[in-house]
Amino acid sequence: MGRGLIWAAGVLVAAFLLAPILAILPLSFSAGSFLFYPLPGLSLRWYRDFFGSDFWLPALWNSLVIGGAAAGLATVLGVPAAFALWRLRGALRAVVLGVVLAPMVVPVIVVAVALLLAFGPVGLVATHAGMIVAHAALGVPFVVVTVLASLEGFDAVQLRAAAACGAGPVRAFLRVCLPQIAPGVAAGAVFAFATSLDEVVVALFIAGPAQRTLPRQMFAGLNDTISLTTAAAAAMLVVVSVVLLLVVGWLRRRAPG
Amino acid sequence: MRASPRLASALLTAPLLLFLMLSFVAPIGAFLWRAVSDTEVAPVLPRTIAALAAWDGTVAPDEAAFAALVEDLRAARERDRAGGAGGIARAASRLNADRPGFRGLLPMTARRVEAPFEGPARAAVLAISEEWGDAETWGAIRRAGGPLSSFHVLAALDLRQDAAGRVRAVPEDQRVFGTVLARSLWISLLVTGACLALGWPLAWLIATTRGWAGTLLLGAVLLPFWISLVVRTAAWMVLLQREGVVNAALGGLGIGPLPLMMNRFAVVLAMVHILLPFMVLPLVAAFRGLDPALPRAAASLGAPPWRVFRRVTLPLCLPGIAAGCILVFIQALGFYVTPALLGGPSDQMLAWFVGFYATRSVNWGLAAALSLLLLVAVGVCVALYGRLAGFRRPGAA
C-alpha cells in the first residue's frame, strides 16, 4: 500500500513540475489571439510575428551573442583556474574557491545594483561589453565546478609522464589533460551559456534598449498585456533549454570516470 | 629551473581572480560601502558640522552654528554657480531621506541668506523657517556629517537616532522594513517547507526506481530545472490570469473566476515550482547514498515502519535534507522576478526594495543597507550549508 501511495504522490508532483510548461507550449501555435483553450485552430502566425518583429528578433540575437561571449570568457578564465584549484590544497584553495563560487550564492539583485553603480562611471552601462562581463562573472562558478568534477577522473601521473617525455607544462596540459577533460569543459561552457540565457535581473538594471535579451524582452511583455508572441518566445526558449539539457547529458556520458 | 607548482597554480588562478575582483567583488564592496558611508552633506556644510560637534542635541544650537550654516550656504551657492555641481541639491536630497522637508528647506534657506543682513544669524535664519528652531533639524545635519554613519543601516532595521544620539524604533506607522524582512523570511520558509513536502516522495521514487520509469521521472525534474525562470513565471501567469487556463477550467465547473494572480498564493506556488528541482536533486543523492540494508535490518529486528523511518532513515538522510532546504531557502530569499510579476504590492520581498531604492528613489545608502541585510541572511545560510554538506553542487545536475 505504502509504495502505491508514494507512486501516486511522486507522479503528481512530476506532473506539477511539467504541466505549466506543457500547458503554454500549444498556445503559441494558436490561430486565435487569446491565451486559453480550446484553440480556435492551429497556425504559425505568432512565430511569423516573432521573426518579423523589430524587437523580438534582435532580442534573440542579443541573447545568443551575449550568452556565447560570456560563456567563452567564463571558460577561458575558468578552465586554468579549475586546473590550478585541482592541484591547490589548504587555505589558499579555500579562499580562491570561496571567491570563485560567490556569484552562485550572492543574490543577483545585489550584483545587478552594484554593477549599475560601478559600471556607470566607466561607461559599461547599456553596452554589450558590460552585459558580457556581468554574465561571465555569474557563469564562471559553473565552469569551475564542472571542470573540477571532470578533473577528478583524470590521473595526474600522466602529466608527470608527459614531463618525463620532455613536454613543457603548457604542452602537457594542452595535449594530455585537455583532450580528456574536454567534455567537462564543454559542459561547463554550456552551463555558463544557459546561465546567461536565463538571466534577467542584471539585464533589467544594466542593459539598455540595444542590449535587451530574450528574457528581458519577455519580462517587458509580461508586465504589459501578455501577447501570444510572448508565448512563442517562451516556446522557443524551452526548445533551446531542451537542446542544452540533451547536450549536457551527451557530454556527461562521454566524460571519463 | 621550474617554478614551484604551488606558485604556478596560484598564477593560473590570477586572471580569474583579477576578473572577479573587478567585475564582482569590488563593485559589490563599493556598493555595500554606501550603507555606512555618508559623504553628500560634509562638503556642503563643513563649518556647520564642526560647530555641531559639541552640541548636546536637546534644543536648537547657539548663534555659532547658525553663523556657520549661513557661511556654508553662501559658499555652497558660490560653488554651485561656478561649477554647476549641484552640491546643495545632493545634500538636500540626503537630508530629506532623514527628515522630509529638507529637499525644499535647504535650497530655500541658501537662497534667502545670500543677501547680506544685519544682526545675529540665528534670528535671520529662524525668520526664513521655523524648522531651524527644531533640534531634530540640526540633528539630521549632524547625523549626515559623515564620513561614516549608521543612519542607513538603522533605517533598514526600522530604527533611527534622535538629535541627542539615542537609538529609537521609528513610529509604528513609518515602519516598513521589519515587515518586509519578516515577509521575505516567511515566504522563503513556506516555499522551503512546501518543496520538502512535495520533493520527498518524488525524490524517493527517483532514487529507488530502476529503468525507464526512473529516468523519465528524473527528466521531469531536470527539464524545468533548465528552463528559464522567466518562462516558468510566464507559464504561471498564463495559467492563473483572470481569463487564464485555470479559471476557464473552473468556469466549466461553475466556479469563479477567482483572483488567482497578484497575490501571495501565486507567488508561493510559482516559487515552489521553480525551486522544487533544487530540493529534489540533493534528496535523490541522499536517498541513493542510503544503504537499503539498514532500514531492512531495523524492520527485521521488529521496528514498525514509522520507527524505522524516524530512527534509521531520517537521521541517515538528514545532511542531504538540510542541504536541499538551505539551498532552496537561500535562493528564495533573493527572489525578485517572480514576486514582481505574480505578486501584489504586499507580496514584494527584500530584493524588490533593493531595486526600488537603487533606481526609482535613488537612495543608494538604503539600497546598500537592505542588501547588507539580505547578504547577512544568505551568509548565515551558506555557513550552515558549508557545515552540513561541504561546498559541492548537489545532485550533479
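The values are calculated or read from the model by the stated rules, or taken from the named source; none is laboratory data. Owing to the predicted nature of the structure, the values given are computational and were not obtained by experimental measurement. Note that we place each Cβ from the backbone using ideal geometry, even for glycine, and neighbour counts take in every protein chain shown. In case anyone asks, the SASA skips ligands and DNA or RNA and just uses the protein heavy atoms, side chains included. Shrake-Rupley method; radii C 1.70, N 1.55, O 1.52, S 1.80 Å.
Can you tell me how many residues in region A:212-235 are open to solvent by 40 Å² or more (accessible area, probe 1.4 Å), out of contact with any Gly (no Cβ under 9 Å at 6 or more places or on another chain) and under 26 Å from residue B:243 (Cβ atoms)? Before you say what the answer is, go through the steps one by one.
Step one: of region A:212-235, the residues open to solvent by 40 Å² or more (accessible area, probe 1.4 Å) are A:212, A:223-225, A:227.
Remaining after also requiring out of contact with any Gly (no Cβ under 9 Å at 6 or more places or on another chain): A:212, A:223-225.
Add one more test, that the residue is under 26 Å from residue B:243 (Cβ atoms), and what stays is A:223-225.
Number satisfying all stated conditions: 3.
Which of (1) closer than 14 Å to residue A:81 by Cα; (2) free of Cβ contacts under 8 Å to residues at least 60 places away in the same chain; (3) within 17 Å of the chain's Cα centre (by Cα) does residue A:149 not meet, given it meets every other one?
All conditions pass for residue A:149, except number (3).
Tell me, which residue of region A:236-257 that is free of Cβ contacts under 8 Å to residues at least 40 places away in the same chain and open to solvent by 40 Å² or more (accessible area, probe 1.4 Å) is farthest from the chain's Cα centre (by Cα)?
It comes out as A:253.
Inspect all residues belonging to region A:95-112 and state whether any of them is small (Gly, Ala, Ser), open to solvent by 20 Å² or more (accessible area, probe 1.4 Å), in a helix (DSSP H, G or I) and closer than 30 Å to residue A:153 by Cα. Before the answer, list the steps.
Residues of region A:95-112 small (Gly, Ala, Ser): A:98, A:102, A:112.
Filter again for open to solvent by 20 Å² or more (accessible area, probe 1.4 Å), leaving A:98, A:102.
After this cut, where a residue has to be in a helix (DSSP H, G or I) as well, the list is A:98, A:102.
Checking the rest, the ones that are also closer than 30 Å to residue A:153 by Cα come to A:98, A:102.
Looking for residues that are small (Gly, Ala, Ser), open to solvent by 20 Å² or more (accessible area, probe 1.4 Å), in a helix (DSSP H, G or I) and closer than 30 Å to residue A:153 by Cα, one finds at least one in region A:95-112, hence yes.
State all residues of region B:26-83 that are among the β-branched types (Val, Ile, Thr) and assigned to a helix (DSSP H, G or I); if no residue qualifies, say none.
B:28, B:48, B:49, B:70
Answer yes or no: is there a residue in region B:64-81 that is touching a residue at least 24 places away in the same chain (Cβ under 8 Å), away from chain A (no Cβ under 14 Å), crowded, with 16+ Cβ neighbours inside 10 Å and within 35 Å of the chain's Cα centre (by Cα).
no
Determine, yes or no, whether residue A:189 is open to solvent by less than 40 Å² (accessible area, probe 1.4 Å) and either over 27 Å from residue B:23 (Cβ atoms) or touching a strand residue (DSSP E or B) at 6+ places or on another chain (Cβ under 6 Å) (or both).
On the way: open to solvent by less than 40 Å² (accessible area, probe 1.4 Å): yes; either over 27 Å from residue B:23 (Cβ atoms) or touching a strand residue (DSSP E or B) at 6+ places or on another chain (Cβ under 6 Å) (or both): no.
In short, no.
I'm trying to understand the selection: among the residues of region A:67-84, which are at the interface with chain B (Cβ under 7 Å from one of its Cβ atoms) and closer than 28 Å to residue B:326 by Cα?
A:78, A:81
Going by the structure shown, is residue B:222 facing chain A (nearest Cβ under 7 Å), farther than 30 Å from residue B:259 by Cα, open to solvent by less than 10 Å² (accessible area, probe 1.4 Å) and of a type in the set (A, V, I, L, M, F, W, C)?
Numbers: facing chain A (nearest Cβ under 7 Å): yes; farther than 30 Å from residue B:259 by Cα: yes; open to solvent by less than 10 Å² (accessible area, probe 1.4 Å): no; of a type in the set (A, V, I, L, M, F, W, C): yes.
No: the conditions fail for residue B:222.
Can you work out which of the residues in region B:128-153 that are in contact (Cβ under 8 Å) with a residue 40 or more places away in the chain and in a loop (DSSP other than H, G, I, E, B) is surrounded by the fewest Cβ atoms within 10 Å (Cβ to Cβ)?
B:147
Scanning for something surrounded by 24 or more Cβ atoms within 10 Å (Cβ to Cβ) and in a helix (DSSP H, G or I), does region B:240-261 turn up at least one residue?
no
Among the listed residues B:95, B:17, identify the single one that is open to solvent by less than 60 Å² (accessible area, probe 1.4 Å), more than 14 Å from chain A (Cβ to nearest Cβ) and part of a helix (DSSP H, G or I).
B:95
Name every residue in region A:197-209 that is more than 11 Å from chain B (Cβ to nearest Cβ) and either more than 21 Å from the chain's Cα centre (by Cα) or open to solvent by less than 20 Å² (accessible area, probe 1.4 Å) (or both), in order of residue number.
Selection gives A:208, A:209.
Please determine, by comparing only the residues of region A:1-14 that are out of contact with any Pro (no Cβ under 9 Å at 6 or more places or on another chain) and open to solvent by less than 50 Å² (accessible area, probe 1.4 Å), which one is nearest to the other protein chains (Cβ to nearest Cβ).
Ranking the qualifying residues of region A:1-14, first place goes to A:14.
Just for helices (runs of 4 or more DSSP H) wholly inside region B:290-357: which have at least 1 residues that are open to solvent by 60 Å² or more (accessible area, probe 1.4 Å) and more than 22 Å from residue B:181 (Cα to Cα)?
Where helices (runs of 4 or more DSSP H) fall fully within region B:290-357 and carry at least 1 residues being open to solvent by 60 Å² or more (accessible area, probe 1.4 Å) and more than 22 Å from residue B:181 (Cα to Cα), they are B:293-300, B:305-308, B:314-333.
Looking at (1) open to solvent by 50 Å² or more (accessible area, probe 1.4 Å); (2) touching a Leu at 6+ places or on another chain (Cβ under 9 Å); (3) facing chain B (nearest Cβ under 8 Å); (4) farther than 30 Å from residue B:202 by Cα, which one does residue A:92 not meet, given that it meets all the others?
Residue A:92 satisfies every listed condition except (2).
Of the conditions (1) open to solvent by less than 10 Å² (accessible area, probe 1.4 Å); (2) within 23 Å of residue A:113 (Cα to Cα), residue B:45 clears all except one; give me its number.
Residue B:45 satisfies every listed condition except (2).
Here's a check for you: in region A:113-126, which residue that is without any contact (Cβ under 8 Å) to a residue 60 or more places away in the chain and facing chain B (nearest Cβ under 7 Å) is least open to solvent (accessible area, probe 1.4 Å)?
A:114
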